[in-house]
Amino acid sequence: MNSLLSFLLSILLVVPSPPAFDCDGKLLNATIRNNLNGDFALVDDLEKVDEGAFVVLDWEKISLMLPVSFQKGEISFTDKKWLWSYQDNENGLHEETPRFAQRLPSGEIVEHDCKLMERSISKEKYD
């Protein structure tokens, strides 16, 4: 009985890992949370992103927390220096190849090439 209870509790305590992306040959983890009600709920379905959402991006030595942008028909997050976008009016939904862009102080935009990685590959490649 105790082992069954321990097993069930261990299942409940497992936290899913955030989606992993290969961005310019480096691992990037992206975690989206809704915060409209102050609950910081983890989002795993882009259709459920709310007005209080933000994304946390961990890439190399950079950790960014970008608020959701309020562009109609888009699912994107930006602080006006960095942009993380899953959907835009021009390209539609691009969940497996999100747009990751950086505005340099000169005003130049640098586009980083990102693609979704399979869970098993991401762990092996970057461990």
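The values are calculated or read from the model by the stated rules, or taken from the named source; none is laboratory data. Just so it is clear, the model here is predicted, and its values are computed rather than measured. Here Cβ is always computed from backbone atoms with ideal geometry, including for glycine, and neighbour counts include all displayed protein chains.
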If you go through the stretch 69-121 one residue at a time, how many are outside any strand (DSSP E or B), in contact (Cβ under 8 Å) with a residue 60 or more places away in the chain and either among the hydrophobic types (A, V, I, L, M, F, W, C) or touching a helix residue (DSSP H, G or I) at 6+ places or on another chain (Cβ under 7 Å) (or both)?
1
Among the residues of the stretch 22-47, write down those that are modelled with pLDDT of 95 or more and at positive phi.
24, 25
From the list 46, 42, 57, which residue is surrounded by 19 or more Cβ atoms within 10 Å (Cβ to Cβ) and of a type in the set (A, V, I, L, M, F, W, C)?
57
Among the residues of the stretch 25-68, which ones are in contact (Cβ under 8 Å) with a residue 60 or more places away in the chain and within 10 Å of the chain's Cα centre (by Cα)?
28, 30
Give me the residue from the stretch 1-21 that is surrounded by fewer than 10 Cβ atoms within 10 Å (Cβ to Cβ) and part of a loop (DSSP other than H, G, I, E, B) and, out of that set, modelled with the lowest pLDDT.
14
